[in-house]
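I'd like to ask you about the structure that follows.
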Amino acid sequence: MHVRRAFTGTVWEKEVGYCRDLRAGDHVYVTGTAPVAEGGGVHAPEDGYAQAKRCLEIIEKALVDVGASMSNVVRTRMFVTDISRWRDYGRAHHEFFGNHPPATTMVEVKALIDPAMLIEIEADAVCPPDPNASLA
């Protein structure tokens, strides 16, 4: 089976030993994606909607990097530090997936890696065969 990995270059990838996403055959696994701002730091502290949207933008790019798209996503998992903001997170999720909703889970967690982060999102996708995979 052909495996492709994509990296964003964040310090955490190198330090912890993981990739942004991994495509194994027709399956894509996007690692927990936090609302990291362009240039580093936390995007939109205290804004659940903006943070969820940022996570999904990063996920979308990661999928494209391995030949997939948001319409291929079959499952998302949202880890949130304040479940009472569920409508804010859900609004961003709906904007990306309203026409092709995946199975999803939202759970409240005690904390994320940075206290200013309100949400982290994972995604799994199933997509057409990878045109860049070798047949050998």
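Just so it is clear, none of the values below were taken in a lab; they were calculated from the coordinates. Values in this document were obtained by computation on a predicted structure and should not be read as measured data. Here Cβ is always computed from backbone atoms with ideal geometry, including for glycine, and neighbour counts include all displayed protein chains.
Is it true that residue 124 is under 16 Å from the mean Cα position of the chain (by Cα), of a type outside the set (Phe, Trp, Tyr) and surrounded by fewer than 20 Cβ atoms within 10 Å (Cβ to Cβ)?
When the stated conditions are applied, residue 124 passes them.
Something else now. When you go through (1) under 21 Å from residue 8 (Cα atoms); (2) out of contact with any Lys or Arg (no Cβ under 7 Å at 6 or more places or on another chain); (3) touching a residue at least 40 places away in the same chain (Cβ under 8 Å) one by one for residue 88, which number turns out not to apply?
Of everything listed in (1) under 21 Å from residue 8 (Cα atoms); (2) out of contact with any Lys or Arg (no Cβ under 7 Å at 6 or more places or on another chain); (3) touching a residue at least 40 places away in the same chain (Cβ under 8 Å), residue 88 misses just condition (1).
Sticking with this one: Across segment 63-112, which residue is farthest from the chain's Cα centre (by Cα) among those that are under 20 Å from residue 24 (Cα atoms) and assigned to a loop (DSSP other than H, G, I, E, B)?
67
Report, by residue number, each residue of segment 23-62 that is touching a residue at least 40 places away in the same chain (Cβ under 8 Å) and either part of a strand (DSSP E or B) or among the basic types (Lys, Arg) (or both).
23, 27, 28, 29, 30, 31, 32, 33, 42, 53, listed by residue number.
If you scan segment 1-35, which residues turn out to be farther than 15 Å from residue 70 by Cα and of a type in the set (Ser, Thr, Tyr)?
8, 10, 18
Considering only residues of segment 1-26 that are crowded, with 16+ Cβ neighbours inside 10 Å and not charged (D, E, K, R), which is farthest from residue 102 (Cα to Cα)?
8
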